[in-house]
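Enquirer: One structure coming up, written as structure tokens, with questions to follow.
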Amino acid sequence: MIAAGAAGIVFGARVQKVVGSAFGSGLGGLLPGGDRFRIYTVTSSFPEISNSGYRLRVTGLVDRPLNLTLDDLKSMPKTKLVKDFQCVTGWRVPQVHWEGVRLSEVLASAGLKSSAAALTFGSYDGLDTESLTLDQAQRPDVVVAYRMLDAPITTDHGGPVRLYVAPMYGYKSLKWLSSIQVVENAAPGYWEQNGYSTDAWVGASNQRDDKPIS
Ligand SMILES: Nc1nc2c(c(=O)[nH]1)N[C@H]1C(S)=C(S)[C@@H](COP(=O)(O)O)O[C@H]1N2
Ligand SMILES: [Mo]
């Protein structure tokens, strides 16, 4: 684990405190228009995972549990998206380039049992979790991403592998993705337990934002 740096990053249990502790990304600061990513973590550090040491475990209601390396993910059909990234707190980075493998591809290679209906995601930070229904997870714009901003995903952005859920607010895009558990019922994730809506569609859970540009 590397320390998250200066800026007094002290993360409490409350979402507002976490959001208030965010700071801007150097990479994002280079984007035209000054639209910047804020780097978030709910722990006091960033998990540092080497490319060779990275594993994604897929377990639960599957025919074949998987333990995928980064190379395994890269050998699967590649998908590219150019989409906005929208945090529920109001910042938005337009037209971000993303690359990875569709979550639906990963699920297909594991094989879903008939009782499968939802997914629980774990992070190498050991604290943040997320969930999607199986219908949401099967969308073509939900990606297990290993590139963003035209580069390998950096540690602060959740590299080497993060989730990217394009139609939903940023908190669904879990960083340092470690595990996918296939389950029967969606369980609220970390941010939902701290006050965010499990209905994370952009534009649906606050009155301010437009729908994402498709
Ligand atoms: N593991 C982990 N994933 C996370 C978060 C986090 O704190 N920890 N924050 C979420 C939120 S609220 C947002 S808006 C985005 C921010 O992504 P970024 O840090 O790459 O800007 O990551 C999401 N994924
Ligand atoms: Mo967010």
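Enquirer: Tell me which of these residue 53 doesn't satisfy, since it passes every other one: (1) loosely packed, with under 15 Cβ neighbours inside 10 Å; (2) modelled with pLDDT of 95 or more; (3) not in a loop (DSSP other than H, G, I, E, B).
Expert: (3)
Enquirer: Still on this structure, I have one more. So residue 41 fits all but one of (1) within 16 Å of ligand 2 (Cβ to nearest atom); (2) touching a Ser or Thr at 6+ places or on another chain (Cβ under 6 Å); what number is the exception?
Expert: (2)
Enquirer: If you don't mind, there's one more thing I want to ask. Is it true that residue 126 is within 20 Å of residue 68 (Cα to Cα) and part of a loop (DSSP other than H, G, I, E, B)?
Expert: Details: within 20 Å of residue 68 (Cα to Cα): yes; part of a loop (DSSP other than H, G, I, E, B): yes.
Answer is yes for this residue.
Enquirer: Oh, and also: For the condition surrounded by 18 or more Cβ atoms within 10 Å (Cβ to Cβ) and in contact with an Asp or Glu (Cβ under 6 Å, 6 or more places away or on another chain), what is the one hit in 93, 101, 62?
Expert: Working: 101 fails: in contact with an Asp or Glu (Cβ under 6 Å, 6 or more places away or on another chain); 62 fails: in contact with an Asp or Glu (Cβ under 6 Å, 6 or more places away or on another chain).
That would be 93, the only listed residue that is surrounded by 18 or more Cβ atoms within 10 Å (Cβ to Cβ) and in contact with an Asp or Glu (Cβ under 6 Å, 6 or more places away or on another chain).
Enquirer: Here's something else I'd like to know. Is it true that residue 88 is assigned to a loop (DSSP other than H, G, I, E, B) and out of contact with any Cys (no Cβ under 9 Å at 6 or more places or on another chain)? Break it down into steps so the answer makes sense when it comes.
Expert: On the way: assigned to a loop (DSSP other than H, G, I, E, B): yes; out of contact with any Cys (no Cβ under 9 Å at 6 or more places or on another chain): yes.
Criteria met by residue 88.
Enquirer: Here's something else I'd like to know. When residues of the stretch 53-99 are filtered for being more than 14 Å from ligand 1 (Cβ to nearest atom), in contact (Cβ under 8 Å) with a residue 40 or more places away in the chain and of a type in the set (Gly, Ala, Ser), how many remain?
Expert: Final tally of qualifying residues: 1.
Enquirer: Pairs needed: first member in the stretch 157-186, more than 20 Å from residue 104 (Cβ to Cβ); second member anywhere, more than 13 Å from ligand 2 (Cβ to nearest atom) and acidic (Asp, Glu); C-beta distance under 8 Å; at least 6 residues apart or different chains.
Expert: Close Cβ pairs satisfying both conditions: 175/125; 176/125.
Enquirer: Could you say whether any residue in the stretch 128-146 is near ligand 1 (Cβ under 10 Å from one of its atoms), assigned by TED's automatic domain parsing to the domain that holds residue 58, within 18 Å of residue 183 (Cα to Cα) and not polar (S, T, N, Q)?
Expert: Checking the stretch 128-146: at least one residue is near ligand 1 (Cβ under 10 Å from one of its atoms), assigned by TED's automatic domain parsing to the domain that holds residue 58, within 18 Å of residue 183 (Cα to Cα) and not polar (S, T, N, Q).
Enquirer: Return the residues of the stretch 155-171 that are farther than 15 Å from residue 126 by Cα, within 10 Å of the chain's Cα centre (by Cα) and not in a loop (DSSP other than H, G, I, E, B); say none if nothing qualifies.
Expert: 163, 164, 165, 170, 171
Enquirer: State which residue is nearest to residue 201 (Cα to Cα) when the search covers only the stretch 132-177 and only residues that are of a type in the set (S, T, N, Q) and surrounded by fewer than 23 Cβ atoms within 10 Å (Cβ to Cβ).
Expert: 136
Enquirer: Moving on to the next point. With 84, 35 as the choices, which residue is at pLDDT 90 or above, closer than 21 Å to residue 154 by Cβ and within 16 Å of ligand 2 (Cβ to nearest atom)?
Expert: Numbers: 35 fails: at pLDDT 90 or above.
After applying the criteria, what remains is 84.
The values are calculated or read from the model by the stated rules, or taken from the named source; none is laboratory data. These numbers were taken from a predicted model, which means no experiment stands behind them. Glycine gets a Cβ as well: all are built from the backbone with ideal geometry, and neighbour counts include every protein chain shown.
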